[in-house]
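Step one of this worksheet: look at the structure below.
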Amino acid sequence: MIIKFLPITLLALLAVFVVRQKITLPAARSIALIVLGIGADFVWQPDHASAVGHVVGVGRGADLLMYLWVGVTISVVPVLYLKIVEMGRILTELARRLALSQPIYPPDRSKP
């Protein structure tokens, strides 16, 4: 029973982080809070995860959570990679524009 407090504490801290985010859409925050609530329920009542696992055709709730984790990871990693590539392109364009608008010339080396 004591081991349940660590994941619940982590989920609660994550919920506070999600609520404090002002740049995300309210709908995205609501969905994240719902998912965190379901996660807290699965921690307190592992039988609920097993029941959902049986409904979708997975033997155990732990297996269901692992499959969901792998699916989310496989979905999120390419999206994050594409965002990082796009940010790199934007940063390169900004650096080019700044370099052209404010050139820094090397010192004159013809004088000894």
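Every read-out reported here was derived from the displayed coordinates using simple, explicitly stated rules and does not represent laboratory data. What you see is a predicted model; the values in this text were computed from it and never measured. All Cβ positions, even for glycine, are placed from backbone atoms using ideal geometry, and neighbour counts span all protein chains on display.
What to note about this one:
- Alpha carbon convex hull of region 4-58, volume per residue in cubic angstrom: 75
- Estimated [θ] at 222 nm from DSSP helical runs (n ≥ 4, -39500 (n - 2.57)) normalised by residues in the chain, nearest 500: -27000 deg cm²/dmol
- Cβ charges +1 (Lys, Arg) and -1 (Asp, Glu), total dipole of the chain, debye: 640
- Comparing THR92, LEU36, VAL77 along the charge dipole axis of the chain, the residue lying farthest to the positive side is THR92, per the Cβ-charge model.
- Axial C-alpha extent at least 20 Å, average Kyte-Doolittle at least 0.0 - helices from the chain (DSSP): 5-20, 26-44, 61-101
- Sorted fewest first by neighbouring Cβ atoms within 10 angstrom, TYR81, TYR105, TYR67 come out as TYR105, TYR81, TYR67.
- Leading residue at positive end of dipole, the chain (Cβ point charges), from PRO107, ILE23, TYR67: PRO107
- Size-normalised alpha-carbon gyration radius of region 12-112, reference 2.2 N^0.38 Å: 1.92
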